[in-house]
Amino acid sequence: MVPVRRQAVLRSSRVVARDTWWMEFDCPEIAETSVAGQFAMLGVGLDTAGTWLLPRPFSVGWTGPGGVAGFLVRTFGAGTRAFTRLAVGDEALVLGPLGQPYVLEPGRSIECVAGGVGLAPFIALAASEAAAGRQVRLIYGERNAEAVFDLDLLRELTGHEPEIYTEDGRMGTMGRVLAGLDPAGDALLLGCGPTPMLRALAEFARTNHRDLQVSVEEHMGCGIGTCQGCVVRSSDGRWVKACVEGPVFPADSLDWTTGG
């Protein structure tokens with residue numbers, strides 16, 4: 001599928017956790033063609049006050065009827081703060097869908113392991129698996145209760161009861177997401193989150209002979225393989241572009257001995 005570049009109208013925007021927004025855009029090209037694990041580059045145009053010159057990558061978090069695509073946005077700097085100030089009816093520049101998605105095996109159960117905004121790709125995936133009657137676990141961790149995505153909305157979007165882990169223990173189970181995994185399990189593991197979490201998850205999978213695919217979180221300037229700002233090291237020593245060869249990779253195809 002050739003990515004589409006267009007102006008998309010913001011249909012709704014709501015705060016769902018501390019410094020975190022759920023934003024839905026009218027973008028049927030993405031809603032109708034994206035697959036879980038793919039992403040879009042989102043930005044505001046040059047005519048907008050406080051111009052955001054470089055778009056940022058966001059996982060396609062959910063797709064709904066009428067061509068709606070939802071994105072999970074957490075503010076980390078001036079660019080993301082500018083984006084969350086968009087009002088309903090405003091337009092954003094959208095380029096997508098981009099990247100390689102998760103590859104599921106028909107009939108095999110899955111366990112989605114999410115850290116922080118790594119929850120995003122699993123919202124649509126959990127919803128589609130639930131609609132198809134397939135078994136899926138949604139294991140989601142945050143540092144503290146204030147950062148946890150609005151659970152009522154999450155249940156509504158996914159059709160699942162998420163398993164919550166927080167490091168401060170004030171919501172869900174105290175601890176980190178790996179505590180929710182059975183070393184002897186045979187479900188396909190899917191991970192998305194900060195690199196330290198993915199590294200620990202990759203070690204868990206390697207040690208316990210579990211199949212794992214991960215979506216890496218890398219800074220991207222273009223999203224289409226031109227700027228080469230998102231490279232990660234593969235297990236054979238090559239540098240690969242996360243935006244076009246990923247962001248989803250088999251965990252054992254990456255070198256986890258380097259980087260953050």
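Each pair of Cα atoms in the stretch 29-183 enters the Kirkwood radius, and Stokes-Einstein at 37 °C and 0.692 mPa s then converts it into a translational diffusion coefficient of 197 µm²/s. Taking the charge dipole of the stretch 4-98 about its Cα centre, with +1 at Lys and Arg Cβ atoms and -1 at Asp and Glu Cβ atoms, the residue from Thr20, Gln7, Gly64 reaching farthest to the positive side is Thr20. Loop-located chymotrypsin sites (Phe, Trp or Tyr not before Pro) across the stretch 71-162 with a Cβ neighbour count of 14 or fewer within 10 Å are Phe76, with loop assigned by DSSP.
Looking at the stretch 110-253, what % of its DSSP beta bridges pair antiparallel, to the nearest 5? Roughly 20 percent of the beta bridges in the stretch 110-253 run antiparallel, per DSSP. Taking a quarter of the surface of the Cα convex hull of the stretch 180-259 gives a mean projected area of 5.2 nm². Counting Lys and Arg as +1 and Asp and Glu as -1 over every other residue whose Cβ lies under 11 Å from the Cβ of Thr257, the net charge comes to 0.
Summing charges over neighbours of Phe83, with a neighbour being any other residue whose Cβ is under 11 Å away from its Cβ, gives +3 when K and R count +1 and D and E count -1. Within the listed set Glu32, Glu156, Glu91, the residue fluctuating most in the Gaussian network model of the chain (springs between alpha-carbon atoms under 10 angstrom) is Glu156. When the stretch 110-253 is described by a simple charge dipole with +1 on each Lys and Arg Cβ and -1 on each Asp and Glu Cβ, the residue from Gly116, Gly133, Pro196 located farthest towards its positive end is Pro196.
Helical content of the chain, expressed as a calculated mean residue ellipticity at 222 nm, amounts to -5000 deg cm²/dmol (DSSP H runs of 4 or more residues, -39,500 (n - 2.57) each, divided by residue number, nearest 500).
Considering only Thr84, Thr33, Thr20, the mean-square fluctuation computed in a Gaussian network model of the chain, springs between alpha carbons under 10 angstrom, is largest for Thr33. Calculated from the alpha-carbon coordinates, the stretch 4-98 shows an Rg and a Dmax of 12.0, 33 Å respectively.
Over the Cα atoms of the stretch 110-253, the radius of gyration divided by the Kirkwood radius equals 0.98; this is the Rg/Rh ratio. The C-alpha atoms of the chain define a longest principal axis, and helix 120-131 lies at about 70 degrees to it.
P(r) tail for the chain, what percent of Cα pairs lie past 33 Å? Here the long-distance tail beyond 33 Å is 15 percent of all Cα pairs in the chain.
Exposure proxy ranking for Cys230, Cys27, based on other Cβ atoms within 10 angstrom of each Cβ and starting from the fewest, stands as Cys230, Cys27.
Counting every other Cβ atom within 10 Å of each residue's Cβ, Trp239, Trp62, Trp21 order from fewest to most as Trp239, Trp21, Trp62. Evaluated with a Cβ-only charge set (Lys, Arg +1; Asp, Glu -1), the stretch 4-98 carries a dipole of roughly 320 debye about its Cα centre, given to the nearest 20. Looking at the chain as a GNM with Cα springs under 10 Å, which of Leu54, Leu189, Leu95 has the largest mean-square fluctuation? Among Leu54, Leu189, Leu95, the largest GNM mean-square fluctuation belongs to Leu54. Modelled label positions at Asp168 and Gln135, each set 7 Å beyond Cα in the direction of Cβ, lie 3.6 nm from each other. Relative contact order for the chain: 18 percent, from Cα pairs under 8 Å spaced at least 6 residues apart, divided by residue count. Computed from the alpha carbon positions, the gyration tensor of the stretch 47-127 leads to an equivalent ellipsoid with semi-axes of 28, 14, 11 Å, biggest first.
For the chain, a crude dipole built from +1 on the beta carbon of Lys and Arg and -1 on the beta carbon of Asp and Glu, taken about the Cα centre, is about 420 debye to the nearest 20.
Rule-based calculations on the coordinates, nothing more; no lab input. Source: prediction; values computed, not measured. Neighbour counts run over all protein chains shown; Cβ positions are idealised from the backbone, glycine included.
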